[in-house]
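Everything on this sheet refers to the single structure shown next.
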Amino acid sequence: MKLDNSVAAVVTGGASGLGAATARALAAKGVKVAIFDLQKEKGEAVAAEIGGVFCEVNVTSDESVDAGFAKARAAHGQERVLVNCAGTGNAVKTASRAKEDGSIRHFPLEAFNWVIQINLVGTFRCIAKSAAGMLTLDPQEDGERGAIVNTASVAAEDGQIGQAAYSASKGGVVGMTLPIARDLMGEGIRVNTILPGIFDTPLLAAAPQPVKDALAASVPFPKRLGRPEEYAGLALCMIETGYFNGEDVRLDGGIRMAPR
């Protein structure tokens, strides 16, 4: 897909981290970018910086996502590109004993479901609604109508202690990539997923420097945290390369996560 000012894009989770880097990279190509996020102040700042539009969107709500797409399309027209970066996580053992008194507890099911609803169902909700819109577009010269990039995690394949919900949600994103690509292949819409490793994002910003240094040292090569711009670079490669379809690609410096 040729990226220029004739193309509109939606980036979920675009107010910070991987999403913001991708929004900036798309805008640098001339693409008209809409940012979906709950962080209004940050999202509006990024949108202003790149000449885009901010849409306050909760990906767990049909009504909120519908309103976001309506606002984005009113501003820029039907999107040909969707990048799903909205996500969250938590860390709770499936069952464990409290250190204080030895009492037994298990992963609260509402906390498990919360992660699934945002990371997995929220991603699918945005894909389904965006793809339905892409079907209204005329195909480009090569028959392409759109390109979708999702964000999973290396935890989809080697999740750590306490990551049952997170790993299940990201594993679900990986698992649905190929079936969705096959669902949409007759309409000229491609679907791919990135599995980031340990990235220097706001999630890690509050961590003490020794913790960051230890994480960086655990990466085989290069021994550093991933840069959001590197994620954005792979996302754009997936969008621009017409033969890239139905793939799940790790972006992790070769790391394989230990149990903890």
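Listing for the model above:
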| quantity | calculated |
| --- | --- |
| Of the criteria (1) buried (at least 21 other Cβ atoms within 10 Å of the Cβ); (2) touching a residue at least 40 places away in the same chain (Cβ under 8 Å); (3) touching a strand residue (DSSP E or B) at 6+ places or on another chain (Cβ under 8 Å), which one GLY226 fails | (2) |
| Hits in the range 18-74 (condition: among the aromatic types (Phe, Trp, Tyr) and either within 15 Å of the chain's Cα centre (by Cα) or modelled with pLDDT under 95 (or both)) | PHE36 |
| The range 44-85, residues that are farther than 24 Å from SER6 by Cβ and either assigned to a helix (DSSP H, G or I) or basic (Lys, Arg) (or both) | GLU44, ALA45, ASP62, GLU63, SER64, VAL65, ASP66, ALA67 |
| Any hit, the range 193-211, residues being among the hydroxyl-bearing types (Ser, Thr, Tyr) and over 19 Å from GLY87 (Cβ atoms) | no |
| Among the residues listed as ILE161, ILE189, ILE194, the single one being over 16 Å from the mean Cα position of the chain (by Cα), closer than 24 Å to SER130 by Cα and among the aliphatic types (A, V, I, L, M) | ILE189 |
| Test set (1) exposed (fewer than 14 other Cβ atoms within 10 Å of the Cβ); (2) at positive phi - MET185 fails condition number | (2) |
| Residue satisfying condition, being surrounded by 14 or more Cβ atoms within 10 Å (Cβ to Cβ), among the β-branched types (Val, Ile, Thr) and touching a residue at least 12 places away in the same chain (Cβ under 8 Å), within set THR94, THR22 | THR22 |
| Any hit, the range 126-144, residues being touching a residue at least 60 places away in the same chain (Cβ under 8 Å) and touching a Ser or Thr at 6+ places or on another chain (Cβ under 9 Å) | yes |
| Scope the range 203-232; condition part of a helix (DSSP H, G or I), touching a helix residue (DSSP H, G or I) at 6+ places or on another chain (Cβ under 6 Å) and among the aliphatic types (A, V, I, L, M); matching residues | ALA232 |
| Cβ pairs under 7 Å, 6+ apart, first in the range 51-79 and closer than 18 Å to LYS29 by Cα and touching a residue at least 24 places away in the same chain (Cβ under 8 Å), second in a loop (DSSP other than H, G, I, E, B) and among the hydroxyl-bearing types (Ser, Thr, Tyr) | GLN78/THR136 |
| Residue match in the range 90-101 (condition: part of a loop (DSSP other than H, G, I, E, B), under 21 Å from GLN39 (Cα atoms) and at pLDDT below 95) | yes |
| Test for ALA15: is it surrounded by 15 or more Cβ atoms within 10 Å (Cβ to Cβ), of a type in the set (A, V, I, L, M), modelled with pLDDT of 95 or more and within 21 Å of CYS237 (Cβ to Cβ) | no |
| Of residues in the range 112-154 being small (Gly, Ala, Ser) and crowded, with 17+ Cβ neighbours inside 10 Å, the one farthest from GLY254 (Cα to Cα) | GLY133 |
| Pair list, Cβ under 6 Å, 6 or more apart: the range 169-181 residue touching a residue at least 40 places away in the same chain (Cβ under 8 Å), other residue surrounded by fewer than 18 Cβ atoms within 10 Å (Cβ to Cβ) | SER169/ILE116; VAL174/ASP248; THR177/ASP248; LEU178/GLY246; ALA181/GLY246 |
| The range 151-180, residues that are among the charged types (D, E, K, R) and assigned to a loop (DSSP other than H, G, I, E, B) | none |
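The values are calculated or read from the model by the stated rules, or taken from the named source; none is laboratory data. The model shown is predicted, which means the values in this text are computed figures rather than measured ones. Reconstructed Cβ throughout: ideal geometry from the backbone, glycine too, with neighbour counts over all protein chains shown.
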